[in-house]
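A.B. asks: A single structure is presented below for examination.
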Amino acid sequence: MPSGSEPAVSTRVLTLPNALTLLRLLLIPVFLWLLLVRHAELAAFWVLAASAATDWLDGVVARRYGLVSRLGQTLDPVADRLFVLTTLLGLMVHGVVPWWFVVLLLARDLWGVIEMVRLRRHGLRTLPVSFIGKAATFALLTAFPLMLLGHGPGTPAAVVRSVAWAFAWWGAGLYWLSAIMYNIQAQQVVRRESGEEAR
């Protein structure tokens, strides 16, 4: 594959990246059970960290070994959103994350859904995931395990919490920036399609 070219997209379903994405989805209820039912914070931390690692690993494997698939392109963003949402709610219920931070991120997702519906009404497909959006997800998925690890008294926990919130605010900022860019792209696509129809 030439350098700088886009990887070929296959219609394969049974691939390692898709399996990793599915694993991330399956670990969501395990994390919630450990955190909210068993109150096993350390075990929940490791499950959360492993889940976050699959988000990085599935993309690396897909690109390096030419395993990019249409299913993966659809499933991975859905898994990311569901993972972020359920993790946020679980951490909030457990008292790790304040409600206003949850609202901040959920408002961004709601705006994204509205834009997606607007695109579909014009008969258009959703826009590709941006690098900024992926960076935001990476920052948030790094922040969440650290927030859980730093949930407790003492100086070491306070240090971990500070690092976690640095990633959280970085992720939240990039999350909203990606939504703004998505909105601008959507408006440009709608105007272009409307102009072509008018001709």
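A.B. asks: Would you check which residues across segment 37-59 are among the hydroxyl-bearing types (Ser, Thr, Tyr) and part of a loop (DSSP other than H, G, I, E, B) and list them?
C.D. replies: Of everything in segment 37-59, nothing turns out to be among the hydroxyl-bearing types (Ser, Thr, Tyr) and part of a loop (DSSP other than H, G, I, E, B).
A.B. asks: For segment 85-102, name all the residues that are part of a helix (DSSP H, G or I), in contact (Cβ under 8 Å) with a residue 40 or more places away in the chain and either of a type in the set (S, T, N, Q) or open to solvent by less than 70 Å² (accessible area, probe 1.4 Å) (or both).
C.D. replies: Scanning segment 85-102 gives 86, 87, 88, 90, 91, 101.
A.B. asks: Another one. Go over the candidates 105, 140, 174 one by one and state the one that is surrounded by 18 or more Cβ atoms within 10 Å (Cβ to Cβ) and closer than 23 Å to residue 46 by Cβ.
C.D. replies: 140
A.B. asks: Restricting attention to segment 33-49, report how many residues are open to solvent by less than 50 Å² (accessible area, probe 1.4 Å) and either aliphatic (A, V, I, L, M) or closer than 29 Å to residue 11 by Cα (or both).
C.D. replies: Qualifying residue count, segment 33-49: 8.
The values are calculated or read from the model by the stated rules, or taken from the named source; none is laboratory data. Because the structure is a prediction, the values reported are computed rather than measured. As a convention, Cβ positions derive from the backbone with ideal geometry for all residues, glycine included, and neighbour counts pool all protein chains shown. These area figures cover heavy atoms from the full protein model, side chains too; ligands, DNA and RNA do not enter into them. Shrake-Rupley method; radii C 1.70, N 1.55, O 1.52, S 1.80 Å.
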